[in-house]
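To start, the structure under review is shown below, and the notes come after it.
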Amino acid sequence: MSAAAPRSIWSSRWAFILVTVGSAVGLGNIWRFPYMTGAQGGSAFVLVYLLCVALVGLPLLMAEILIGRRGRGNPISAMLKVSEENGASPWWGLLGWVGVLGALLILSYYSVVAGWIVDYIYQTVSGVKVMTPEAAKQHFDDLLADPLQLIFWNTIFLALTVGVVARGVLSGIERASLLLMPALFIILLFLVFWGGMVGDMRAAWHFMFDFKPELLTGQVVLSAMGHAFFSLSLGMGAIMAYGSYLDKHTSIAHNSFWIALADTLVGLLAGLAVFSFTFAHGLKASSGPGLVFQTLPLVFAHMPGGQVVGAFFFLLVLFAAWTSAISLVEPFVAWMTERLGIHRAVAAWGTGLAVWLLGVAVCLSLNDWSGWKLFGLNLFDQLDYLTSRIFMPLSGLAIAVFVGWIMSRKNVRDEITLPAAHFLIWWRILRYVTILAIVMVFVYRLTNPDP
Ligand code: PFF
């Protein structure tokens, strides 16, 4: 599929599901979900997250795809077009901008983490084995302390991402996903099975699913909602951009359901696997962004054939990160080519350069510049906090208001081809529950100002 006008349509319903799952499933599921769960006290975080996926994420996923398909354009043009069609102010176009620029901010640190994965593939293939938790921690700390290495891996990952967007070869990705996404799922299932054999699955299960209301804090609730947004790629134009290539006859509701389910399952599987090993090795669940990087290499080092399984696993995670990263750049590049008439390759590499520059600062914020902090957070954490806990939910709130209250019911109904009763359920959830939930989480967070 090429994103140049006239807009092409996905080759099949499956193609749309695959690329959208490709955007949703990524580091968010395999790296971020376990470490956030560990850092935010386990089950309280998981349960609020699941609730947010059902009441906020899924309804918004449908709303975003709807705007994309209705507007048939990059997120900025789509928002403008749908606003005009519904007699709304052109200011709604700003929402497209927030998404598109927010996506680039996410990419600047997302690709740094993806760079860690590239390093781990390299280390695993070259036979480096970390046999003890101390060695695993040391290895990760050494990587983070070395700005040149971080910048090097980040550059490779970003070039891979921008290369695809520059050539407009998403159809290649579509075909590769058909094989690699199920492979990732299978290897995760295997890791959960392995966790049941050699890890402490019981402890992992209790940690993730025993409800402990005393652990609920404003911070936990806000992070869990933020993660639902992050994991489903919401509020950043990515889903809107992909929705714009969707043909008229595909059901938005059914596809959204499967996308949300697949995304959530991958996160839960990754969490179960990681925690079963974390507890078995006596590691700390709350060790932060390094959790997966300190736990899994240890598991592979002790597993028969672990070098092959490990390399394969990290490769699949890299692929998942790659398809997500592509969806972070595509909306802005689509806007530049469609609106400004800039050549796709120039637009993509130019955007990549800007993101790379910010990425260099992110790499440095982990070592040489780690003393530079705002509200106690370095640039890496700042960007994550700002995008997932503020930009994405606020942009999601605006989308819910737009589709629920500003668009004419007839136009919405036209796109969501559900039987009347089912349509009403979704519409009411979006109009009331989703909006109220996001507002309440912000109010709760503001009135519970824990660290
Ligand atoms: N959902 C992706 C993940 O879980 O890794 C990250 C992401 C992609 C966030 C695209 C936002 C986005 F627009």
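The values are calculated or read from the model by the stated rules, or taken from the named source; none is laboratory data. No experiment lies behind these values; they were computed from the predicted model shown. Virtual Cβ from ideal backbone geometry, glycine too; neighbours counted across all protein chains shown. SASA here: full protein model, heavy atoms, side chains in, ligands and nucleic acids out. Shrake-Rupley method; radii C 1.70, N 1.55, O 1.52, S 1.80 Å.
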Reported set for the range 230-275 where residues are near the ligand (Cβ under 8 Å from one of its atoms), of a type in the set (A, V, I, L, M, F, W, C) and touching a Leu at 6+ places or on another chain (Cβ under 9 Å) is Leu232, Leu234, Met236, Ala238, Ile239
Residue satisfying all of: in the range 56-77; outside any helix (DSSP H, G or I) and open to solvent by less than 10 Å² (accessible area, probe 1.4 Å); modelled with the lowest pLDDT among these: Gly73
Consider Gly271 carefully, then state whether it is part of a helix (DSSP H, G or I) and either within 17 Å of Val48 (Cα to Cα) or open to solvent by less than 40 Å² (accessible area, probe 1.4 Å) (or both). yes
Scanning the range 109-138 for residues that are open to solvent by less than 50 Å² (accessible area, probe 1.4 Å), away from the ligand (no atom under 13 Å from the Cβ) and in contact with a helix residue (DSSP H, G or I) (Cβ under 7 Å, 6 or more places away or on another chain) gives Val112, Gly115, Trp116, Val118, Asp119, Tyr120, Ile121, Thr124, Gly127, Val130, Pro133, Ala136
Test Thr217 against the stated conditions and say whether it is of a type in the set (Ser, Thr, Tyr), at pLDDT below 95 and more than 30 Å from Ser11 (Cβ to Cβ). yes
Candidates Leu158, Leu143 - the one that is under 25 Å from Ser231 (Cα atoms) and not acidic (Asp, Glu): Leu158
Among the residues of the range 328-348, which ones are surrounded by fewer than 17 Cβ atoms within 10 Å (Cβ to Cβ) and part of a helix (DSSP H, G or I)? Arg339, Leu340, Ala345, Val346
So Trp335 ticks every box in (1) within 16 Å of the ligand (Cβ to nearest atom); (2) within 23 Å of Ser231 (Cβ to Cβ) but one. Which box is left unticked? (2)
Hits in the range 85-108 - residues which are of a type outside the set (Val, Ile, Thr) and within 12 Å of the ligand (Cβ to nearest atom): Gly99, Leu101, Gly102, Ala103, Leu104, Leu105, Leu107
With (1) closer than 23 Å to Ser177 by Cα; (2) open to solvent by 10 Å² or more (accessible area, probe 1.4 Å); (3) touching a helix residue (DSSP H, G or I) at 6+ places or on another chain (Cβ under 6 Å); (4) in a helix (DSSP H, G or I) as the list, and Val308 as the residue in question, which single condition is left unmet? (3)
Kindly provide the set of residues from the range 391-410 that are part of a helix (DSSP H, G or I), in contact (Cβ under 8 Å) with a residue 24 or more places away in the chain and open to solvent by 10 Å² or more (accessible area, probe 1.4 Å), ordered by number. Phe391, Leu394, Leu397, Ala398, Val401, Trp405, Ile406
Looking at this structure, is Leu374 open to solvent by 30 Å² or more (accessible area, probe 1.4 Å), of a type outside the set (Asp, Glu) and touching a Pro at 6+ places or on another chain (Cβ under 9 Å)? no
